[in-house]
Ligand SMILES: [Fe+2]
Ligand SMILES: [Fe+2]
């Protein structure tokens, strides 16, 4: 088995259809995000919207394929790097633990898809998350995946948890609550390893934070994730703090989203 | 054969074919017993899934491009999705023409609960005709509007399984969840 | 009132644990190091394969089992300093070159169509050999002096049995034709030969030696 397994070759059964980044970005109606398209002025995701339940369904399917890719990415980090030469054993142990967590998240997502009436593979899949997990530098990989993407997962899960709460859906709220707890742990793993592995390497730290920004920006179309009342996905300060983000870092993500929003509306 | 006029005639943002769409609409219309001309206007710029009846007589329908889209393959036409969208609209027209729906408020005056309840009754019938389906998806939508409870689930069953409810009956079944 | 001055045996009548064991501290450390190396190689491979298997249930099982073996590696890693090896990497070694060849061959399959080979390598060859070696160690070591290793092995064996059963059932569910059966058997034989050369996951003597020397006839 090769080291660094390309995103295009991620193995899926016939139910799943992959959408390439070119296709996704080339959609003149705006790239799909948060159960809608970034071209629309997406309102905050609540059950009160006429298409709220359907958007939640689509978003949940996005979460499901995201969980598969998170599982695959963490698994690859166990394989792609050598203990001692590239990474400490403890980092790999964390990644193996994450594999188990993400496998459970897949199981939870499958159950939720059934609950919400979604077929597996009902929506197109893009491999953006896994692509970040192909970075050949383990520090950059963990920063991009565990801090940027899993950080986004915190925001998404919290939004979904609130959606379940507002709709009085005990199943959705219960599931999101548990997944949220795991994701905070994963983001914290990213924060801890970033600090430990770059303790005496300012250059690598800067590179990793830059990569995190690139990934964060990729997921900031239209500022769909932000702190404004009508942001489709709400930025979650409390959980991000628990996961090792400083106030400045959270402010920076909020600013980035605001800028993306202004850019999109102009 | 039912005449269907689709606008626009050609698409820039999605890979749809007006002729194919016309055929699918005509097929659904014939299954439901329509013989008149149907006009369908598509807003291809919108990937959302909204749809509405802009005129009952003559029949004029309006949909977001997204309401006809194959969710597995963005920008591609989805036959099953289109059948579901068009089928629901046409059944509502049939219902209003039946005399059983004379007291139904105008479409824009219906609230989310009423819409969800009527939709369930439409899709249940469409499924039995082999046109639509996705029972669990409709149940999830219905629960979002009527509560995640046994009462709501029983109401859903009744709406889904019945073949010819009147508006008063739909209102009562939906309303019972409200009071419960 | 309980009579507190009445003497009792230090070992209760039902406690038949015996002091002697087959391994001294050095031998135990060496074996534990080999076990850790195997667990490490196994969890790395399971993690790596997740992205390469299209079957959703297999994908999720591999992800789950990946952590089980990582935890085993961690348990062995933590045991080593207690066995006088402070630099645990020094003993985290394959038993011999044949064992390296075995792992190389086991982890070679990558193609999406080779899930059967991947599963056979782990669940029909490696894990049964692990169960054998761990059981031997567990039963042959001193249950008094080396109880910390016994306890670790008991936890680990519980995982191994459960994972073996799940893996074996996945294999059985995937073999639907004679051709697939042949693929499984051929791959198993190939890997078993490498394992035979290695002498087991801890090298020759992984499960002891059951043969007796026949004394020369007069
Ligand atoms: Fe997750
Ligand atoms: Fe995660």
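The values are calculated or read from the model by the stated rules, or taken from the named source; none is laboratory data. For clarity, every value in this text was computed on a predicted model and none was experimentally measured. Virtual Cβ from ideal backbone geometry, glycine too; neighbours counted across all protein chains shown.
Side notes on the structure shown:
Okay, residues lined up against (1) within 13 Å of ligand 2 (Cβ to nearest atom); (2) in contact with a helix residue (DSSP H, G or I) (Cβ under 7 Å, 6 or more places away or on another chain); (3) modelled with pLDDT under 95:
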| position | (1), (2), (3) |
| --- | --- |
| A:129 | yes, yes, yes |
| A:145 | yes, yes, yes |
| A:149 | yes, yes, yes |
| A:153 | yes, yes, yes |
| A:158 | no, yes, yes |
| A:162 | no, no, yes |
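- Test: residue in segment A:193-203 that is within 12 Å of ligand 1 (Cβ to nearest atom) and more than 14 Å from chain B (Cβ to nearest Cβ): no
- Taken over segment C:186-212, residues that are part of a loop (DSSP other than H, G, I, E, B) and touching a residue at least 12 places away in the same chain (Cβ under 8 Å) amount to 8.
- Conditions (1) more than 27 Å from residue C:209 (Cα to Cα); (2) not in a helix (DSSP H, G or I); number of the one not met by residue C:171: (2)
- Among the residues here, residue A:207 qualifies as modelled with pLDDT under 95, more than 14 Å from every other protein chain (Cβ to nearest Cβ), assigned to a helix (DSSP H, G or I) and away from ligand 1 (no atom under 15 Å from the Cβ).
- Look at (1) within 19 Å of the chain's Cα centre (by Cα); (2) modelled with pLDDT of 80 or more and you find that residue A:219 fails only one, number (2).
- Residue check, residue A:169 more than 19 Å from the chain's Cα centre (by Cα), more than 16 Å from ligand 2 (Cβ to nearest atom) and buried (at least 19 other Cβ atoms within 10 Å of the Cβ): yes
- Taking the criterion of being within 11 Å of chain B (Cβ to nearest Cβ) and either in a helix (DSSP H, G or I) or touching a strand residue (DSSP E or B) at 6+ places or on another chain (Cβ under 6 Å) (or both), the only residue of segment A:120-148 that qualifies is A:125.
- Counting the residues of segment C:45-67 that are over 15 Å from the mean Cα position of the chain (by Cα) and free of Cβ contacts under 8 Å to residues at least 60 places away in the same chain gives 10.
- Test: residue in segment C:13-26 that is within 14 Å of chain A (Cβ to nearest Cβ) and either over 22 Å from residue C:76 (Cα atoms) or under 30 Å from the mean Cα position of the chain (by Cα) (or both): no
- Test: residue A:99 is over 28 Å from residue B:144 (Cβ atoms), more than 12 Å from ligand 2 (Cβ to nearest atom) and out of contact with any strand residue (DSSP E or B) (no Cβ under 8 Å at 6 or more places or on another chain): no
- Scanning segment A:10-21 for residues that are within 20 Å of the chain's Cα centre (by Cα), more than 7 Å from every other protein chain (Cβ to nearest Cβ) and outside any strand (DSSP E or B) gives A:16, A:20, A:21.
- Which numbered condition residue C:90 misses (of (1) at the interface with another protein chain (Cβ under 9 Å from one of its Cβ atoms); (2) at pLDDT below 95): (1)
- In segment B:90-103, the condition of being within 14 Å of chain A (Cβ to nearest Cβ) and within 26 Å of residue B:137 (Cα to Cα) is met by no residue.
- Residue match in segment A:176-191 (condition: assigned to a helix (DSSP H, G or I) and more than 16 Å from ligand 2 (Cβ to nearest atom)): no
- Condition met for residue A:117 (touching a helix residue (DSSP H, G or I) at 6+ places or on another chain (Cβ under 8 Å), modelled with pLDDT of 95 or more, crowded, with 24+ Cβ neighbours inside 10 Å and more than 7 Å from chain C (Cβ to nearest Cβ)): no
- Among residues that are out of contact with any helix residue (DSSP H, G or I) (no Cβ under 6 Å at 6 or more places or on another chain), touching a residue at least 12 places away in the same chain (Cβ under 8 Å) and either away from every other protein chain (no Cβ under 11 Å) or more than 24 Å from residue A:119 (Cβ to Cβ) (or both), residue B:172 is not included.
- Residue count for segment A:54-71, restricted to those that are closer than 17 Å to residue A:130 by Cα and within 14 Å of ligand 1 (Cβ to nearest atom): 10
- Annotation note: Cβ proximity below 6 Å between a residue of segment A:146-167 that is over 16 Å from residue A:190 (Cβ atoms) and a residue that is assigned to a helix (DSSP H, G or I) and more than 13 Å from ligand 1 (Cβ to nearest atom) (sequence gap 6+ or interchain) occurs for A:161/A:173; A:161/A:177; A:163/A:56; A:164/A:172; A:164/A:173; A:165/A:173; A:167/B:144.
- Positions within segment A:150-184 being within 16 Å of ligand 1 (Cβ to nearest atom), within 13 Å of another protein chain (Cβ to nearest Cβ) and more than 16 Å from residue A:61 (Cβ to Cβ), in sequence order: A:174, A:182
- Residue count for segment A:49-63, restricted to those that are more than 10 Å from chain B (Cβ to nearest Cβ) and touching a strand residue (DSSP E or B) at 6+ places or on another chain (Cβ under 9 Å): 2
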